[in-house]
Structure formats: structure tokens, C-alpha cells
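Peer 1: Please find one structure pasted underneath; my questions will follow.
The values are calculated or read from the model by the stated rules, or taken from the named source; none is laboratory data. Just so we're clear, the structure is a prediction, and the values are computed from it rather than from any experiment. Counting neighbours? That spans all protein chains shown, and the Cβs are built from the backbone with ideal geometry, glycine included.
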Amino acid sequence: MNVGVLGGGQLGRMLALAGYPLGMKFRFLEGKSPAPVDHLGAVVRASYDDMAALDAFADGLDVVTYEFENVPVDSALHLAERVPVHPAPSALAMAQDRLKEKQDFQGLGVPTAPFVEVSSREGLEEAMARLGLPAVLKTRRLGYDGKGQALLRTPDQADGAWAELGSVPLILEGFIDFTRELSILAVRGVDGDCRFYPLVENVHRGGILWTSVAPAPDVTPALQSEAEDYARRVMEEHGYVGVVAIELFQVGDHLVANELAPRVHNSGHWTQDGAVTSQFENHLRAVCGLPLGDTAASGYAAMVNLLGDVPAHAEILGVPGAHLHLYGKSPRPGRKVGHVNLVEPTRDELREALSLVEEAARRAGS
Ligand code: AMP
């Protein structure tokens, strides 16, 4: 199979690394150079809205997928006239606009934070009056890793938040007093077969994912099936093919959806070493029309992001059960340059190994 991937970052790199054993070949569309996918396939250097480049990119491909969710929907639709594109561009459209995303979740009966569209300074006052404070003001588009958002605790913070974010369309969300952040990774095949990974517990630092633990501790079967039900509703609505990630807040014994990623996701990286089939392989199996693989965890797993710089290899590889995954990126403060997966036979051993790796990652720059 010749697989085209829109985007050439670390997710594209890890897709290729998972696809080579299955005999797949890869072509990427990526404007930046150097890129993490360099040397892992042909790289077409062009912007996502260059239609002539998209045509050249699509020539001879069996399927196109994305590793980047801000690919213009029009570009995905243009490609879909030439070659199968998975997941459906409609899921991309849902994920690109926080307002539409929340409306669509609610339309499917998936609970979200209360929200109000904000398009003027007066509108922000009205939204604050309706939702109360604290609340989170977010850009509707292009927000990621905690960028493009401001927490409002008191009314006098509105002016500063408006000055920072008010030049683009916004949404105000009621603050969810969650007990923890979880995510569900799911995959749906061309034939409609759906598989779900165990819920993952995520810890963020400064809005960026820091660690994931999988399976998340203290998950009841009811909580797992609530998450699966929400993911299934989204996938069936879009005729979805591939891996989807939904970030969730746990409130009491229930879940509230925060965000959807129509692609493989950072909180699923543990599956490379800690699940029978990784999210990357399952995404490729799905988009290529192959049978899906087992999503069960094969031990107690965790992932630690390496932010800024990479610790000495020996510091990581000396920890039992640790696997290092680097993205070929140069160091820069806060940049995701790699991650470490840990797989251990018991939760206690996982806790111990996790603290060693977190410490090494912090010393290196995280
Ligand atoms: P996001 O960019 O929407 O993923 O938000 C980044 C982080 O901000 C989340 O992982 C949460 O920790 C926090 N956050 C976002 N929205 C809310 C909310 N409505 N209530 C409470 N915390 C939030």
C-alpha cells in the first residue's frame, strides 16, 4: 500500500515506523524542512493549500490520512475526489472549531462544559454573566497545548484576556472542576469494526501533556463503557475510519468531553510498547482496510514527554522497562523532542520507574 500522510511531524514519523513492517510505503506533505519524517519516505515540500502540489502528492497513492489536524478541510475534500481520505474530512471540520466541536458533541448526547460563542467585548461580558466565573476563554481555531486560552477567575481579568485573544473568534467555557483528565483512544475499520484502548490518565504541565498512565488506575467498567459509548457515537456519526482520541474530564463517576483529535494522539504513545497493537499500527490497518489489532494493554504502562531537550540515553535506558522514542528535532525550550514509554509488571514498579524517568526528563529541560 502507498500511504500519503498530510503533515510530517513526529506523528507521521511514528506512523511510518509502524507501517514499514507491514510493507507499506509512505509519502508526506510537509512545508517545513528539516522535518521528523525526513528519510522515512518521499517528502513533498508544499503548503496544504497548494492544490497543484496536492494533485502531484496524490498521484499513485492508495489512501491519504493526516497526522496534523489543522489541514484545511477544502484540501482534504480536494484530495478525496482523487483518492480515499481517512478519517472523513467532516471529523476534521469538527475538530478544527471548538464551537462546532462542542455543538456536535452535544448533538450526539456527549456532555461538554457549558459554552457561549464570543465575538465582541460586550459578548464576553454577557457570556461571563451567563456562565459565571471561573471560566476559560479560548480561540475557536488553532489552539493547542494550552495556547490560545486564558483562565478568567475574576471579572477584572476580562480586559487582559480580551486584549490577548480578542482579535479572532472565541468561545467561553464554564470551568469544569474535574478530579482528573482522561482520554479514550478508539479505532474504527472500513467495515465498521470498533476497538477501544483502556482509558488513559493524563497529567499536563503548563497546558502541555507531561505524563500518561495506562490503563488509568481506578477505572470502573461503567466509566470505561461510558467513554467507549461516546467515542463510538462520534465515529459512527462520521463513518469514521482510523484512530480517534477524545480528551475527557472525570467529574464524580462521569465524563465530560473536552476535545477531539481525528488522528493518532500523544496520550496513545504508550501503546507502542504497552499494548498488543499500537495506535499507529491500528490507524494504518484501519485506513488501509486491514483487520484491526488487539487493543489490550500488555502490562502497566506510562509515557513521559521529553520537553525541551533529551536526557543522556543511559539515564533513560538504564531504567528497567523503559523505551526511548526520539523525533529527530533540535532542542528548544518546551518543544516535544521525544518520549519515554515504560511497561512494568506491577503498578508499584511503574510508580518507581516513572519517578526516575520524570526526574531525568526534568533535569534535561522538561
Ligand atoms: P485544551 O486546549 O482545551 O485541551 O485545554 C488545555 C488544558 O486546560 C486542559 O487539559 C485542562 O487542563 C484545562 N482546561 C481546558 N478547558 C477547561 C475547562 N472548561 N475547565 C477546566 N479546565 C479546562
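Peer 1: Out of the residues in the range 268-294 that are outside any loop (DSSP other than H, G, I, E, B) and within 23 Å of Leu307 (Cα to Cα), state the one that is nearest to the ligand (Cβ to nearest atom). Can you show your working first?
Peer 2: We begin by selecting, within the range 268-294, every residue outside any loop (DSSP other than H, G, I, E, B); these are 268, 271-275, 279-287.
Restricting the remaining residues to those that are within 23 Å of Leu307 (Cα to Cα) gives 268, 271-274, 279-280.
Working: Gly268: 15, Thr271: 20, Gln272: 22, Asp273: 24, Gly274: 22, Gln279: 18, Phe280: 22 Å.
Checked the range 268-294; the qualifying residue nearest to the ligand (Cβ to nearest atom) is Gly268.
Peer 1: Let me ask something additional. Is the range 233-247 home to any residue that is within 15 Å of the ligand (Cβ to nearest atom) and either at pLDDT below 95 or small (Gly, Ala, Ser) (or both)?
Peer 2: Within the range 233-247 (the criterion being within 15 Å of the ligand (Cβ to nearest atom) and either at pLDDT below 95 or small (Gly, Ala, Ser) (or both)), the answer is yes, since at least one residue qualifies.
Peer 1: When residues of the range 253-267 are filtered for being under 8 Å from the mean Cα position of the chain (by Cα), under 17 Å from Leu108 (Cα atoms) and not in a loop (DSSP other than H, G, I, E, B), how many remain?
Peer 2: If we filter the range 253-267 for residues that are under 8 Å from the mean Cα position of the chain (by Cα), which is where we start, we get 260-267.
So of that shortlist, the ones also under 17 Å from Leu108 (Cα atoms) come out as 260-262.
Of the ones still in play, those that are also not in a loop (DSSP other than H, G, I, E, B) are 260-261.
Total meeting the criteria: 2.
Peer 1: Out of the residues in the range 96-114 that are over 18 Å from Phe175 (Cβ atoms) and among the hydrophobic types (A, V, I, L, M, F, W, C), state the one that is surrounded by the fewest Cβ atoms within 10 Å (Cβ to Cβ).
Peer 2: Across the range 96-114, the extreme among qualifying residues is Leu108.
Peer 1: So, one more: Mind checking which pairs have a first residue in the range 114-141 that is within 27 Å of Glu69 (Cβ to Cβ) and a second that is within 10 Å of the ligand (Cβ to nearest atom) and of a type in the set (Asp, Glu), Cβ under 7 Å, 6 or more apart or different chains?
Peer 2: That search, which allows pairs on different chains as well, returns Phe115/Glu173; Ala135/Glu173; Val136/Glu173; Lys138/Glu173.
Peer 1: List every residue pair whose Cβ atoms lie under 9 Å apart, where the two residues are 6 or more positions apart in sequence or sit on different chains, the first residue falls within the range 173-188 and is touching a residue at least 24 places away in the same chain (Cβ under 8 Å), and the second residue, located anywhere, is near the ligand (Cβ under 6 Å from one of its atoms) and outside any strand (DSSP E or B).
Peer 2: Note: pairs meeting the criteria are Glu173/Ala113; Gly174/Ala113; Phe175/Ala113; Ile176/Ala113.
Peer 1: Is there any pair with a first residue in the range 269-285 that is free of Cβ contacts under 8 Å to residues at least 24 places away in the same chain and more than 18 Å from His339 (Cβ to Cβ) and a second that is among the hydroxyl-bearing types (Ser, Thr, Tyr) and crowded, with 24+ Cβ neighbours inside 10 Å whose Cβ atoms are under 9 Å apart and which are 6 or more apart or on different chains, and what are they?
Peer 2: Short answer, once both residue conditions are applied: Thr277/Thr271.
Peer 1: Determine whether Val310 is in contact (Cβ under 8 Å) with a residue 12 or more places away in the chain, surrounded by fewer than 24 Cβ atoms within 10 Å (Cβ to Cβ), closer than 19 Å to Val357 by Cβ and of a type in the set (Val, Ile, Thr).
Peer 2: On the way: in contact (Cβ under 8 Å) with a residue 12 or more places away in the chain: yes; surrounded by fewer than 24 Cβ atoms within 10 Å (Cβ to Cβ): yes; closer than 19 Å to Val357 by Cβ: yes; of a type in the set (Val, Ile, Thr): yes.
For Val310, the condition - in contact (Cβ under 8 Å) with a residue 12 or more places away in the chain, surrounded by fewer than 24 Cβ atoms within 10 Å (Cβ to Cβ), closer than 19 Å to Val357 by Cβ and of a type in the set (Val, Ile, Thr) - is met.
Peer 1: Take the range 266-296 and flag every residue that is farther than 19 Å from Met14 by Cα and aliphatic (A, V, I, L, M). Step through it out loud before you land on a result.
Peer 2: Within the range 266-296, the first condition is being farther than 19 Å from Met14 by Cα, and the residues that meet it are 289, 291, 296.
Within the range 266-296, Ala296 is the sole residue that qualifies.
Peer 1: I'd like the residue in the range 234-252 that is small (Gly, Ala, Ser) and assigned to a loop (DSSP other than H, G, I, E, B) and, out of all such residues, is farthest from Gly207 (Cα to Cα). If you could, list the steps in order and put the result at the bottom.
Peer 2: Our first condition is that a residue be small (Gly, Ala, Ser); within the range 234-252, this holds for 239, 242, 245, 252.
Still in the running and assigned to a loop (DSSP other than H, G, I, E, B): 239, 252.
Numbers: Gly239: 31, Gly252: 23 Å.
Residue satisfying both the conditions and the ranking: Gly239.
Peer 1: Applying the selection to the range 339-366, what residues are buried (at least 17 other Cβ atoms within 10 Å of the Cβ), touching a helix residue (DSSP H, G or I) at 6+ places or on another chain (Cβ under 9 Å) and touching a residue at least 40 places away in the same chain (Cβ under 8 Å)? Outline the logic, then answer.
Peer 2: Going residue by residue through the range 339-366, those that are buried (at least 17 other Cβ atoms within 10 Å of the Cβ) are 339-344, 350, 353-354, 356-358, 360-361, 364-366.
Adding the requirement that they be touching a helix residue (DSSP H, G or I) at 6+ places or on another chain (Cβ under 9 Å) leaves 339-344, 356-357, 360-361, 364, 366.
His339, Asn341, Leu342, Val343, Glu344, Val357, Ala360, Ala361, Ala364, Ser366, listed by residue number.
Peer 1: Only one of Leu152, Leu131, Leu124 is surrounded by 19 or more Cβ atoms within 10 Å (Cβ to Cβ) and either touching an Asp or Glu at 6+ places or on another chain (Cβ under 9 Å) or in the same structural domain as Val73 (by TED's automatic domain parsing) (or both). Can you tell me which? Reasoning before the result, please.
Peer 2: Working: Leu152 fails: either touching an Asp or Glu at 6+ places or on another chain (Cβ under 9 Å) or in the same structural domain as Val73 (by TED's automatic domain parsing) (or both); Leu124 fails: either touching an Asp or Glu at 6+ places or on another chain (Cβ under 9 Å) or in the same structural domain as Val73 (by TED's automatic domain parsing) (or both).
None of the others qualify; the one that does is Leu131.
Peer 1: Take Val190 and tell me if it is surrounded by fewer than 21 Cβ atoms within 10 Å (Cβ to Cβ) and in a loop (DSSP other than H, G, I, E, B).
Peer 2: On the way: surrounded by fewer than 21 Cβ atoms within 10 Å (Cβ to Cβ): yes; in a loop (DSSP other than H, G, I, E, B): yes.
Answer is yes for this residue.
Peer 1: Right, next: Assuming Asp74 fulfils every condition listed in (1) among the charged types (D, E, K, R); (2) buried (at least 17 other Cβ atoms within 10 Å of the Cβ); (3) in a helix (DSSP H, G or I) apart from one, which condition is it?
Peer 2: (2)
Peer 1: Regarding Asp55, is this residue part of a loop (DSSP other than H, G, I, E, B) and among the acidic types (Asp, Glu)? Before the answer, list the steps.
Peer 2: Numbers: part of a loop (DSSP other than H, G, I, E, B): no; among the acidic types (Asp, Glu): yes.
For Asp55, the condition - part of a loop (DSSP other than H, G, I, E, B) and among the acidic types (Asp, Glu) - is not met.
Peer 1: On to the next question. Give Leu142, Leu185 a once-over and let me know the one that is within 30 Å of Ser278 (Cβ to Cβ), within 16 Å of the ligand (Cβ to nearest atom) and assigned by TED's automatic domain parsing to the domain that holds Val256.
Peer 2: Numbers: Leu142 fails: assigned by TED's automatic domain parsing to the domain that holds Val256.
It is Leu185.
Peer 1: Check whether at least one residue in the range 167-178 is away from the ligand (no atom under 16 Å from the Cβ), farther than 25 Å from Arg347 by Cβ and out of contact with any Lys or Arg (no Cβ under 7 Å at 6 or more places or on another chain), and report yes or no.
Peer 2: Within the range 167-178, one or more residues are away from the ligand (no atom under 16 Å from the Cβ), farther than 25 Å from Arg347 by Cβ and out of contact with any Lys or Arg (no Cβ under 7 Å at 6 or more places or on another chain).
Peer 1: Still on this structure, please answer the following. Are there any pairs with C-beta distances below 9 angstrom linking a residue in the range 19-43 that is on the phi > 0 side of the Ramachandran plot and assigned to a strand (DSSP E or B) to a residue that is among the aliphatic types (A, V, I, L, M) and crowded, with 23+ Cβ neighbours inside 10 Å, with the two at least 6 apart or on different chains, and if so which?
Peer 2: Filtered contacts from the range 19-43: no entries.
Peer 1: If a residue must be within 18 Å of the chain's Cα centre (by Cα) and over 17 Å from Gly268 (Cα atoms), how many such residues does the range 203-231 contain? It would help to see each step written out before you state the result.
Peer 2: If we filter the range 203-231 for residues that are within 18 Å of the chain's Cα centre (by Cα), which is where we start, we get 203-216, 227-228, 230-231.
Subset that is over 17 Å from Gly268 (Cα atoms): 205-207, 230.
Residues that pass the stated criteria total 4.
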